[in-house]
Ligand SMILES: Cc1cc2nc3c(=O)[nH]c(=O)nc-3n(C[C@H](O)[C@H](O)[C@H](O)COP(=O)(O)OP(=O)(O)OC[C@H]3O[C@@H](n4cnc5c(N)ncnc54)[C@H](O)[C@@H]3O)c2cc1C
Ligand code: FES
């Protein structure tokens with residue numbers, strides 16, 4: 001089946017305005033007859049819940065954590081992009097759009113990416129009005145910094161805690177709507193299934209994580225804003241509860257999963273150190289504004305970094321990509337780092353790390369300036385590694401960070417299931433094969449504050465308020481099935497813990513479907529994943545019961561989903577016989593070792609339909625049509 | 001990474017409680033060969049793996065980001081909320097701060113307004129309720145003026161950011177002899193009162209948040225300063241003074257009662 005992204009006609013710059021005008025509307029008095037479920041309270045879910053309630057809809061919002069304020073978005077450090085052009089350095093909506101689409105290696109939908117750039121400025125206005133304390137210069141105006149893949153300074157930030165401040169802004173608006181009775185908040189709930197009635201999304205089944213009880217919730221539309229699946233690699237910069245579960249349940253109910261193999265490995269994370277390790281900590285991309293990345297020129301050089309003279313250092317990003325230097329986009333920087341380490345030039349105990357050095361900038365600007373800019377990151381590093389980065393260069397290595405793939409959505413952010421909308425990292429639409437830094441926060445808030453409030457109206461206006469209640473048999477069926485899955489997990493009583501199996505899955509994915517992929521490895525991965533899935537079904541052990549708080553049981557359900565989902569990711573990676581952005585197939589590279597796209601055969605979104613347990617998924621394609629930009633070879637040299 | 005792996009042996013005395021109706025008790029668990037590079041939570045992970053394989057129930061504790069920002073984790077370690085290191089959450093605490101042979105007591109936050117859910121997990125929804133009572137600026141998506149329309153002196157923006165850094169973990173409540181949430185409330189009120197956008201509602205906000213705090217069973221502030229000492233974000237009690245000012249204004253200066 002060929003998918004239709006429902007991109008409106010007209011000039012690129014006029015599409016959104018025109019579409020907003022053409023969308024059907026729900027009149028203000030009727031809005032209160034509609035109920036909307038929002039799953040997730042990150043930037044996408046928090047902002048959409050608030051904005052939809054402000055319009056008058058009745059919203060029910062769900063999250064896993066004990067409070068909506070703790071969604072994973074809270075951890076974003078570096079910043080959020082917008083095309084304000086306050087520094088007068090040549091930015092514009094067009095440039096932000098172009099950088100984003102080029103950064104994504106021309107694998108995103110042009111019209112969506114353009115709209116993202118268009119609403120970016122409203123986001124900054126909105127956040128300032130909410131009381132988000134962005135960094136300011138001495139004159140009291142907003143300050144900007146630079147991020148990878150851009151030659152202008154367009155990133156707004158609140159120290160190293162931008163995600164926290166933006167999320168607390170959304171959370172405050174959400175709290176206001178909770179107090180007004182327009183949002184009913186359900187924390188510590190995990191969505192275990194999506195409920196369809198006559199092919200339309202009409203509700204969800206959740207588990208109360210404290211009592212273990214199932215609950216059914218009905219609505220006129222369901223919005224998923226459940227984040228990304230970076231934890232498929234086990235070790236990642238994501239919070240421990242990040243999972244693919246909600247999206248995967250929707251997939252099993254017929255929603256298409258788009259470009260699952262597009263994952264982002266972030267170049268600057270604190271390297272792996274031991275077996276017990278539970279997560280990897282990001283060192284914000286903003287550090288690459290001032291830090292210089294290098295390795296010793298000679299493989300196996302064991303001297304301490306400060307003892308290695310300038311002439312024996314290789315600042316490899318500056319050497320390979322002179323025009324972007326240390327600010328080359330993430331996929332490029334990560335791959336380059338891996339290459340250096342594979343060539344034996346890596347440093348640290350494992351040889352899988354490179355230096356990020358601040359010596360020059362400290363000499364230039366002084367310690368005070370640097371500590372004001374990055375103090376909290378430096379402290380974080382020192383605390384984890386027990387070395388002082390003001391004196392000794394940091395050691396960094398790439399880690400799983402973000403997932404560009406996600407549920408397929410059209411221009412209205414609706415999936416192929418009527419009434420199921422998907423926002424934020426959970427959808428696939430705006431970043432193509434690689435996301436630029438500071439663009440995920442922008443997308444989450446764009447989707448939530450400025451897009452869904454319009455597009456959901458267009459859907460609801462054509463649908464009478466739902467008569468479906470939670471005693472509809474479809475809810476009962478979904479509950480039964482979820483309960484069975486849980487009972488099964490508890491009954492296996494094998495010999496391996498959930499984390500232990502998850503860690504092994506992560507190693508498989510990292511090795512064969514990480515920064516570089518090839519056919520042989522991917523085929524091997526499929527076999528290994530299938531074996532591991534069997535191992536899990538026979539030999540996992542889940543302690544405790546299903547009638548009180550049981551984190552191991554929650555994790556078991558999520559890992560079971562990852563074990564199935566991983567195969568889909570690998571299948572997608574196998575099918576995409578080209579290199580683009582974060583998807584680097586070793587068979588398809590230029591002589592200089594850069595990604596080689598195949599626009600002839602792969603200029604499309606790969607959207608997969610569930611084919612049944614153990615069966616191959618069904619491939620659908622949305623051709624990507626570029627009306628306004630020319631497809632060029634991405635070059636950062 | 002410093003070369004070499006150091007390990008220590010410790011004894012955990014950890015609080016086990018099935019639910020809020022259960023009485024709860026300390027359980028003693030000897031733990032051998034703890035690598036000092038581990039974080040405190042990774043040490044608990046290792047203990048939990050072992051308990052699981054022995055067929056026992058693991059120790060339940062809240063955590064998510066594991067980098068000190070989500071506010072999900074927290075326990076009282078050797079009598080101190082979030083443990084012995086200043087300005088740090090429990091997930092950022094590393095085992096290198098402990099010595100071989102140490103006995104480490106771990107208990108949940110204890111406060112009237114926080115019920116124990118299980119083991120080290122408590123119910124902090126009362127903090128959300130305080131925010132719902134007024135910890136926001138009343139505005140809706142779409143109506144904002146240009147972000148640079150109102151310049152805000154850098155010093156003020158920085159002060160607001162200091163207060164806004166609160167992660168809502170509840171350590172301040174756990175540490176306070178009166179189980180007051182005054183630092184939490186004060187931080188939010190200061191952040192918003194400092195910014196021009198938050199000024200119009202400042203007085204009303206202070207009054208209504210404080211009222212909610214009382215109703216939820218939090219105690220009063222008697223300047224014990226224990227909260228500031230344990231705050232992982234080192235939020236200053238100066239925020240409480242600012243709060244009091246807002247509160248006084250609200251009490252005497254406005255029609256809001
Ligand atoms: C360390 C780090 C730093 C980052 N820094 C930046 C940055 O500087 N700039 C930038 O632009 N981006 C950054 N990113 C990326 C960005 O933070 C995320 O992509 C973005 O915040 C995702 O937001 P979201 O709303 O889509 O999802 P999330 O914030 O992940 O929220 C997901 C929500 O869904 C809920 N949920 C999930 N599954 C279920 C379920 N089954 N049932 C019920 N609820 C569920 C969760 O409880 C949560 O509330 C960073 C990411 C990381 C990991
Ligand atoms: S787990 Fe997030 S602050 Fe500790």
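Each value in this text was obtained by applying a stated rule to the coordinates, not by laboratory testing. A quick note: this is a predicted structure, and the numbers were derived from the prediction, not measured. Every residue, glycine as well, gets a Cβ built from its backbone with ideal geometry; the counts of neighbours run over all protein chains shown.
Can you give the Rg to Rh ratio of chain B, both from alpha-carbon atoms, with Rh computed by the Kirkwood formula? Mind dumping the intermediate values first?
On the way: Rg = 20.7 Å, Rh = 19.9 Å.
Rg divided by Rh gives 1.04.
For segment A:297-330 and segment A:542-603, compute the distance between their C-alpha centroids and round to whole Å.
Cα centroid of segment A:297-330 versus Cα centroid of segment A:542-603: 31 Å apart.
Can you give the translational diffusion coefficient of segment A:511-567 in µm²/s, computed by Stokes-Einstein from the Kirkwood radius over Cα pairs at 37 °C and 0.692 mPa s?
On the way: Rh = 12.9 Å.
Approximately 255 µm²/s, per Stokes-Einstein.
Give me the mean projected area, in nm² to one decimal, of the convex hull enclosing the Cα positions of chain A. Provide the component values of the computation, followed by the final result.
Details: hull surface 107.8 nm².
Orientation-averaged projected area of the Cα hull: 27.0 nm².
Which value in Å does the Kirkwood hydrodynamic radius of segment A:226-314 take, with 1/r averaged over all unlike C-alpha pairs and then inverted?
Values: mean 1/r = 0.0605 Å⁻¹.
Its Kirkwood hydrodynamic radius stands at 16.5 Å.
Give me Rg/Rg_expected for segment A:1-97, where Rg uses Cα atoms only and Rg_expected = 2.2 N^0.38 Å with N residues. Please list the in-between numbers first.
Working: Rg = 18.0 Å, N = 97, 2.2 N^0.38 = 12.5 Å.
That ratio works out to 1.44.
Would you mind giving the average projected area, over all directions, of the Cα convex hull of segment A:400-459 in nm² with one decimal? Don't jump to the answer; show the numbers that get you there.
Working: hull surface 15.9 nm².
The orientation-averaged projected area of the Cα hull of segment A:400-459 comes to 4.0 nm².
Using the alpha-carbon atoms, what tilt in degrees (0 to 90, nearest 10) does helix B:154-164 show relative to the longest principal axis of chain B?
The two axes meet at around 50 degrees.
Which of the peptides B:196-209, A:245-258, A:302-315 is most tightly packed, and how do the rest follow, going by the mean number of other Cβ atoms within 10 Å of each residue? Please report the intermediate quantities before stating the final value.
Numbers: B:196-209: 19.5, A:245-258: 24.2, A:302-315: 12.3.
Result, highest mean Cβ count within 10 Å first: A:245-258, B:196-209, A:302-315.
Where the convex hull is taken over the Cα atoms of segment A:313-405, what is its projected area averaged over directions, in nm²?
Values: hull surface 29.3 nm².
Projected over every direction and averaged, the Cα hull of segment A:313-405 covers 7.3 nm².
Angle check, please: helix A:43-55 long axis (alpha carbons) against the longest principal axis of chain A (alpha carbons), in degrees 0 to 90, nearest 10.
40 degrees
Viscosity 1.306 mPa s, temperature 10 °C: Stokes-Einstein D of segment A:182-253 from its Kirkwood Cα radius, in µm² per second? Could you put the intermediate results ahead of the total?
Values: Rh = 13.4 Å.
Reported coefficient: 118 µm²/s.
Rounded to whole Å, give me the distance from the Cα center of segment A:453-523 to that of segment B:168-199.
38 Å
Angle, helix A:551-575 long axis vs. longest principal axis of chain A, Cα atoms, 0 to 90°, nearest 10?
Taking Cα atoms only, the helix is inclined about 70 degrees.
Using alpha carbons only, how many angstrom separate the centre of segment A:182-231 from the centre of segment A:1-67?
Measuring centre to centre over Cα atoms gives 17 Å.
Calculated FRET efficiency, residue A:297 and residue A:386, Cβ-Cβ r, R0 30 Å, to nearest 0.05?
Values: r = 27 Å, r/R0 = 0.91.
FRET efficiency, residue A:297 to residue A:386: 0.65.
Enter the mean number of other protein chain beta carbons within 10 Å of the beta carbon of each residue in A:131-144, as an integer.
On the way: counts 15, 8, 15, 5, 4, 10, 3, 3, 4, 9, 6, 5, 2, 0.
Per-residue shielding by partner chains comes out at 6.
Kirkwood Rh and Cα-based Rg: tell me the resulting Rg over Rh for segment B:102-197, rounded to two decimals. Could the numbers behind the result be given before it?
Numbers: Rg = 17.3 Å, Rh = 15.7 Å.
That ratio is 1.10, to two decimals.
What are the equivalent ellipsoid semi-axes of segment B:125-251, built from the alpha-carbon gyration tensor (square roots of five times its eigenvalues), in whole angstrom, biggest first?
Values: eigenvalues 122, 52, 34 Å².
Its equivalent ellipsoid spans semi-axes of 25, 16, 13 Å.
Report the convex hull volume per residue for segment B:7-118, counting only C-alpha atoms, in Å³. List each step's numbers first, then the result.
Values: hull volume 11.8 nm³, N = 112.
Here the figure is 105 Å³ per residue.
When Cβ neighbours within 10 Å are restricted to other protein chains, what is their mean count per residue of peptide A:172-180? Provide the component values of the computation, followed by the final result.
Working: counts 10, 6, 4, 9, 9, 3, 4, 9, 2.
The per-residue average across the peptide is 6.
Would you calculate the volume per residue, in Å³, of the smallest convex hull containing every Cα atom of segment A:143-276? Write out the running numbers ahead of the final one.
On the way: hull volume 26.2 nm³, N = 134.
Output value, Cα hull per residue: 196 Å³.
Modelling each spin label as a point 7 Å along the Cα-to-Cβ direction, I'd like the residue A:88/residue A:365 distance in nm, to one decimal.
Using points 7 Å along Cα→Cβ, the separation is 2.1 nm.
Can you give me the Rg/Rh ratio for segment A:473-598, using Cα atoms for both radii and the Kirkwood formula for Rh?
Working: Rg = 18.1 Å, Rh = 16.3 Å.
Ratio value, two decimals: 1.11.
Any idea how far apart residue A:27 and residue B:222 come out in nm if each label point goes 7 Å out from Cα toward Cβ?
6.1 nm
Apply 1/(1 + (r/R0)^6) to the Cβ-Cβ distance of residue A:485 and residue B:50, taking R0 = 22 Å, and write down the FRET efficiency to the nearest 0.05.
Values: r = 27 Å, r/R0 = 1.21.
Efficiency, rounded to the nearest 0.05: 0.25.
What order do you get for A:378, A:262 when you list them from fewest to most C-beta neighbours inside 10 Å? Walk me through the numbers before you get to the answer.
On the way: A:378 20, A:262 32.
The most exposed by this proxy come first: A:378, A:262.
Using mean Cβ contacts within 10 Å as the protection proxy, how do A:592-602, B:100-110 order, highest first? Display every interim value, and only then the final one.
Numbers: A:592-602: 15.2, B:100-110: 17.2.
The peptides rank, most packed first, as B:100-110, A:592-602.
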